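Just below is one structure, and these are the notes that go with it.
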Amino acid sequence: MIFRGFTFALRPTPEQAEKFAQAAGVCRLVWNLALEQRRHHWRNYQARTGNNLNYVTQARELTALRAEVDFIREVSQTAEQYALKALDDAFRRAFKGTAAYPQPKKKGVHDAFTVNGREVAVERLNRRWGRVRLPKIGWVKLRMTRDLAGKMTEATVSLTPLGWHLSIGCKSEGEVPDVGGAVGVDRGVAVPLMLSDGTPYRLPETMALLDRRIRKAQRIASRRKRGSNRCRKAQRRVSALSAKRARIRKHWAHETTTDITRRFGTVVVERLRTKDMTKSAAGTKEAPGRNVAQKRGLNRAILNVGWHQIETMLSYKAHRVVRVDPRYTSQTCSCCGTVDSRSRESQSSFVCTACGFRANSDHNAAINILQRGNTPFVEPSIRPAMKRELPSVEIPVL
Ligand SMILES: [Zn+2]
């Protein structure tokens, strides 16, 4: 089974946008009511009797509520059921310990509603435009940037800083075919992504430009009086620009991962450490020149958030993904296997201190990652300089 997601910008009429907001509002209300009911139930009954309150019981109450309250009936029932299901999932994740306890939803924060794919129809009108039929709302125009593939499972309408968007989940039969070959992917320093065959993937130039514009907009917002209309306007500009940057980055990640997975069946990546995801873009002491430092900072900052996205995309697009230990990949010589931090002559060039092998340091690391993908991991050979730092192990006398 292959699952794919499609996102389109919606162009609702003012009345339709009003209906979107209403549907999102009712779903938020349903979530909040059900959450409150669960808390109350837990405090008063469940802790004593052990009787559980689950999706089924709450969905039954929803049907009763719809019969009584007009504005709840005006919104698609499946959208409301999805809100209950989402709450049920949130509770399950919280009890498993993988997520925080569900919180009440606030107006204006992730306004969205989801309906079942069976109730949705998408049609193409012309080269640029299409339309979608949503329950209780009708046909809404959208920018049809690509064609759907597979069977629709669900559709979510959400309000982003760039307006209302539609995301559709599709599933189709079959497995991802193996195109053969293997490649190592390194999160580079000079370039965001480097393949072991030497292909670099660079971010579009507009990213740097957008970054500057966002920083400028942030400066303007911080100068304005907090809580004022002018300040809010400036903050909206910051969030719209940030959303645009995120969209471009995601598009780039899609393009890049599609290109990689079309060329190689097996993709070897570094195993992600959570430490890397929270690491700041600082650490510029070995940077020669401000511009380089800035650019590298940018690449890092982008990848700090983007790498997880890229890994997720690779894991569903590639035939096979192998995750390897990332330690010493940038200090190991891909030619002779020697580990030495001094081999990193600069940020971008690698010269082996033992055999004299020269390469771009990201390329060298990518080759190491590929090699680790098809060889079992062994501790890299340790040079005498590093040996002293290791704790001595006492062998017990028997
Ligand atoms: Zn070497």
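Descriptive notes on the structure:
Each row is one residue, and each column tells you yes or no for (1) among the charged types (D, E, K, R); (2) surrounded by 16 or more Cβ atoms within 10 Å (Cβ to Cβ).
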residue: M1; (1), (2): no, no
residue: R4; (1), (2): yes, no
residue: L10; (1), (2): no, yes
residue: E15; (1), (2): yes, no
residue: A23; (1), (2): no, yes
residue: V30; (1), (2): no, yes
residue: E36; (1), (2): yes, no
residue: H41; (1), (2): no, yes
residue: N44; (1), (2): no, no
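- Scanning region 310-329 for residues that are open to solvent by less than 40 Å² (accessible area, probe 1.4 Å) and outside any helix (DSSP H, G or I) yields A318, V321, V322, V324, D325, P326, T329.
- Checking N364 against (1) within 28 Å of the chain's Cα centre (by Cα); (2) within 16 Å of the ligand (Cβ to nearest atom); (3) more than 30 Å from V179 (Cβ to Cβ), the condition it does not meet: (3)
- Single residue of region 96-113 satisfying the filter (surrounded by 11 or more Cβ atoms within 10 Å (Cβ to Cβ) and farther than 14 Å from L29 by Cβ) that is modelled with the highest pLDDT: P102
- Matching residues, region 198-220, being surrounded by fewer than 20 Cβ atoms within 10 Å (Cβ to Cβ) and either touching a residue at least 60 places away in the same chain (Cβ under 8 Å) or among the hydrophobic types (A, V, I, L, M, F, W, C) (or both): G198, P200, M207, A208, L209, L210, D211, I214, A217, I220
- Of residues in region 338-361 being more than 18 Å from S196 (Cα to Cα) and not in a loop (DSSP other than H, G, I, E, B), the one nearest to the ligand (Cβ to nearest atom): S343
- Residues that are of a type in the set (A, V, I, L, M) and either touching a Lys or Arg at 6+ places or on another chain (Cβ under 8 Å) or within 24 Å of G138 (Cβ to Cβ) (or both) within region 66-93 comprise A67, V69, I72, V75, A79, A83, L87, listed in sequence order.
The values are calculated or read from the model by the stated rules, or taken from the named source; none is laboratory data. If you're wondering where the values come from, they're calculated on a predicted model, not measured in any experiment. Note that we place each Cβ from the backbone using ideal geometry, even for glycine, and neighbour counts take in every protein chain shown. Quick note on the areas: whole protein, heavy atoms, side chains included, nothing else; ligands and nucleic acids left out. Shrake-Rupley method; radii C 1.70, N 1.55, O 1.52, S 1.80 Å.
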